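**Q** First the structure, then my questions, so here it is.
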Amino acid sequence: MKNKTIFDRIKSGEIIPHADANYAEVGRVCEKKRPLIRAMNRADKDAEIQEIWEKITGQKMAENSCVFTPFHTNYGGNIRLGEGVFINHNCSFLDLGGIRIDNGVMIGPNVCLTSEGHPVAPSQRQSMKAAPIHIKEHAWIGANACILAGVTVGRHAIVAAGAVVTKDVPDYVVVGGCPAKVIKSIPKV
C-alpha cells in the first residue's frame with residue numbers, strides 16, 4: 001500500500017503533531033495557494049473568480065454558484081461545492097479536514113467553517129486534529145456564524161447569525177447561540 005501523504009493523514013482524522021517530519025509540507029502547499037487566493041480576491045468578474053476557484057480547489061464551480069470576495073482559505077483543495085451555492089463576502093474556510101457544501105446552500109458574510117482544530121489535552125495541543133464539515137441541501141448559514149470540525153448541518157436547517165456550532169444540526173431546525181442549540185423547528189412546506 002502506498003504511503004499516505006500528510007494531507008491524507010490529516011483528512012483521515014489522525015492527530016498530527018506540529019513536530020511531525022512531514023508537517024512542514026502543509027505550510028509549503030498552503031503558501032503556494034496564497035497568490036491564487038489574493039488574485040481571486042482582486043478579481044472583478046464572476047467568470048474570473050470561477051476560473052481561479054477551480055485552480056484553488058481543483059473543482060469547477062457550477063455556473064449557478066457564486067462566491068463574493070474577499071474569500072479566505074488556507075488550502076482550498078478539500079472544499080466541495082454543489083450547485084446553486086451562494087457564499088457571501090469575507091468568509092473563511094479552513095478545509096484540511098474537508099468541507100462539503102451541498103446544492104442550494106446559502107452562507108452569509110463573515111462565516112467561518114473550520115474543519116481543523118487542536119486536541120484539548122495540554123500534552124497534545126501542539127498538534128492538529130481535523131474532521132469534515134458537511135452542510136446539507138438548502139441550509140442557510142447566517143452572518144458571523146462559526147461551524148467547527150466534525151459538524152454536519154442538516155437539510156433546510158438555519159444557523160442563526162453569530163451562532164457557534166459545535167454539534168450536528170438536525171434537518172429542518174433553527175439553531176442559535178454559543179454553543180448553538182435548537183431554537184425551533186421549521187415546517188416542511
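**Q** When only C-alpha pairs under 8 Å and at least 6 residues apart count, what is the relative contact order of the chain, in percent?
**A** Dividing the mean separation by the residue count of the chain yields 14 percent.
**Q** Which percent of the accessible heavy-atom area of the range 31-123 goes to carbon and sulfur, probe 1.4 angstrom?
**A** Carbon and sulfur atoms account for 51 percent of the accessible area of the range 31-123.
**Q** Hey, can you grab everything whose amide H is under 5 Å from the amide H of T152? Only 5+ residues off in sequence or another chain; H modelled, so Pro and N-termini drop out.
**A** The answer is H134, D168, V169.
**Q** Now for a different question. With a 1.4 Å probe and every protein chain left in place, tell me how much accessible area T152 has, in Å² to the nearest 10.
**A** 40
**Q** Let me ask something else about it. Calculate the spin-label point distance for C30 paired with K45, positioning each point 7 Å from the Cα along the beta-carbon direction, and give it in nanometres.
**A** Each label point lies 7 Å from its Cα, and together they span 3.3 nm.
**Q** Give me a comma-separated list of calculated 3J(HN,Hα) values for the range 149-164, in order, Karplus coefficients 6.51, -1.76, 1.60 applied at θ = phi - 60°, integers in Hz, x for any Gly or Pro.
**A** Each residue's phi maps through the Karplus curve to give 3, x, 8, 10, 9, x, 4, 6, 6, 10, 9, 5, 3, x, 5, 10 Hz.
**Q** Name all residues of the range 88-123 having a backbone nitrogen under 14 Å from the label point set 7 Å from the Cα of A19 along its Cα→Cβ direction, giving them as ranges.
**A** Residues 123 qualify, since their backbone N sits under 14 Å from the label point.
**Q** Within the range 101-132, what residues put their amide N at less than 16 Å from the label point 7 Å along the Cα-to-Cβ vector of K167?
**A** Hits in the range 101-132 for K167 at 16 Å: none.
**Q** Heads up, I need the accessible area for K184: 1.4 angstrom probe, whole protein in place, Å², nearest 10.
**A** Result for K184: roughly 120 Å² accessible.
**Q** Could I ask something else about it? To the nearest 20 Debye, how big is the dipole of the range 76-189 about its Cα centre, given +1 on the beta carbon of each Lys and Arg and -1 on that of each Asp and Glu?
**A** In total the dipole reaches around 280 debye.
**Q** How large is the accessible surface per residue of the chain, computed with a 1.4 Å probe and reported in Å² as a whole number?
**A** Solvent-accessible surface per residue comes out at 52 Å².
**Q** Within the range 37-189, how many lysine pairs that are 8 or more places apart, or on different chains, have C-alpha atoms less than 22 Å apart?
**A** Lysine pairs, 8 or more places apart or on different chains, close enough: 10.
The values are calculated or read from the model by the stated rules, or taken from the named source; none is laboratory data. Just so you know, these numbers come straight off a predicted model, no measurement behind them. All Cβ positions, even for glycine, are placed from backbone atoms using ideal geometry, and neighbour counts span all protein chains on display. Note: accessible area is taken over every heavy atom of the protein model, side chains too, but ligands, DNA and RNA are not part of it. Shrake-Rupley method; radii C 1.70, N 1.55, O 1.52, S 1.80 Å.
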